[in-house]
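See structure below.
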Amino acid sequence: MITLLDENFSQLNQFLTEKSFSKIFILVDENTHEYCLPIFLGNLETDISFEILEIEAGEEMKNIQTANQLWEILTEMKADRKALMINLGGGVITDMGGFVASTYKRGIQFINIPTTLLSMCDASIGGKTGIDLMHYKNMVGTFSFPEQIYAYTRFLDTLPAKELKSGFAEMLKHGLIADKKHWEALIKLQHLDPTGIEPLIPQSMEIKQEVVNADFHEKNVRKTLNFGHTIGHAIESLCLQSENPILHGEAVALGMICESHLSYLEGLISKEDADLIIENIQRYFSFIDLGDFKDEDIFNLLLNDKKNTDAKINFSLLSGIGSCIYDHEC
C-alpha cells in the first residue's frame, strides 16, 4: 500500500490509468499549494478532470466547520461515489481529507500523498481519519484505509527545520516501541536534514504499517503507537488554546520524555534506560515551558483521552527500548 514515488510519479499515473474515476479532487493547504502542488501537477499525467480544494494551514483548521465546507463544495461540484480525493499535504490534510472522503456519500475513495516527515512516517499510514472537537485532539473520525499511499521524499526539501523535527519525533517513537536497532540508528544522526533522515524513512513506515496490519481497529497492539501521546496530546491541546501553539511532534517528544520517566516510576524500565531515552530526545527538541498551565488543566485533558475506559487513564509505556505495553493504568 505504501509506495515511494520515482521522479516521474509513474506509479501514481499508472494507478490513475487503471481506475475509472469520474473526477479527482486534490486537497491542499496554502503551504502545499505553494511548495508541493506545482511539483505534483508537473508530474501528473491523466485525462481525468480535476479540481483543487484549498484550506488554510494549521491544526486549528482540522474541525467540523472545515469538514462541512468541504462536503458542501463536493456537493456543489456534483462529486459522485466514483470520485477520488487526493490528499496532498501533512497530517492535517491526510486526517481531514480522509475523514471528509470516508463520510461523503458514505465514502468515496481517497489516496494520501504525504508532504511532511510526520505524515510520511505516521499520519498518512494506518487508516485513521479525523478532526478535533473543541480543543480535544482527533475526537471524531473513522477507520478507513486509503486506496494507496505515495511518498515522494523530495518534498522534504520544502520543509522548515521545525517541521522536520516534528516528524522525527514519531520516528523516534517507532524505534522505542518496536525496534531498538531503528532507535539506535536514529540517535546516531548529528544533524536533522532530509539527506540524513531519508534512508531511515522506509523502516519507520514499515514499523507503523506492521502494527496497523496486526490490529487495524486498535483493540490491542496498535495502542502501543500511542506512546508519548497521552500526555503529548494534552500538552498540544492546551497550547492550541494559547497564543503559542506547538507542533504535534514537539508535543509528542515532550510526552515521550514524561512517559519514559513514568515507565521507570512504574518499574517497567531501568533508570539507566529512562535517562538514556530522555537525554537523546532532549538533544533534538528544545525545552517547552508549561508554567502557564495548571496541573488540573492537564489532568482534565488526560481524563478525556479517547483511549480511556471507566474514567481511568490508560497509558502505553515502555517495557524496554524497543518494546511497549498498553492499557497500563497509572
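Computed from the coordinates by the stated procedures, all read-outs in this text should not be read as laboratory data. Treat the numbers as computed from the prediction; the structure is a model and nothing was measured. Using ideal geometry, Cβ is built from the backbone for each residue, glycine included, and neighbour counts are taken over all protein chains shown.
Observations on the model:
- With a Cα cut-off of under 23 Å and a minimum spacing of 8 residues unless on different chains, the lysine pairs in the range 2-157 number 14.
- Ranking Ser323, Ile39, Gly291 by Cα position along the charge dipole of the chain, where only Lys, Arg, Asp and Glu carry charges on their C-beta atoms, puts Ser323 farthest toward the positive end.
- Length gained when the stretch Leu290-Glu18 is fully extended (0.36 nm per residue, less Cα-Cα span): 92.7 nm
- Amide proton proximity set for Leu53, modelled H, under 5 Å, gap of 5+: Ile26, Leu27, Val28
- Antiparallel bridge percentage (DSSP; both residues within the range 78-220; nearest 5): 40
- Using the average count of surrounding beta-carbon atoms within 10 Å as a protection proxy, the listed peptides 201-211, 48-58, 284-294 rank, highest first, as 201-211, 48-58, 284-294.
- The helix-only estimate of mean residue ellipticity at 222 nm for the chain, built from DSSP H runs of length n ≥ 4 each weighted as -39500 (n - 2.57), is -13500 deg cm²/dmol after division by the residue total.
- Phi to ³J(HN,Hα) by Karplus 6.51 cos²θ - 1.76 cosθ + 1.60 over the range 44-55, Hz, x for Gly, Pro: 7, 10, 7, 8, 6, 5, 9, 10, 9, 10, 10, 10
- Projected over all directions and averaged, the alpha-carbon convex hull of the range 161-329 occupies 9.7 nm².
- Mean Cβ neighbour count within 10 Å, used as a protection proxy, ranking 86-94, 27-35 highest first: 86-94, 27-35
- Beta bridges by DSSP in the chain, antiparallel share as percent, to the nearest 5: 35
- 20 Å cut-off, amide nitrogen to a point 7 angstrom out along Met1 Cα→Cβ, residues in the range 188-212: 201-212
- Among Lys173, Lys181, Lys23: highest mean-square fluctuation, GNM of the chain, C-alpha pairs under 10 Å: Lys181
- By the equivalent-ellipsoid construction on the alpha carbon gyration tensor, the range 18-138 comes out with semi-axes of 21, 17, 13 Å, ordered largest to smallest.
- For the chain, the dipole from Cβ point charges (+1 on Lys and Arg, -1 on Asp and Glu) about the Cα centre works out to 920 debye, to the nearest 20.
- Only beta bridges with both residues in the range 2-157 are counted; by DSSP, about 20 percent of them are antiparallel.
- Asn68 versus Gln11: modelled label distance in nm, points set 7 Å from Cα along the beta carbon direction: 3.9
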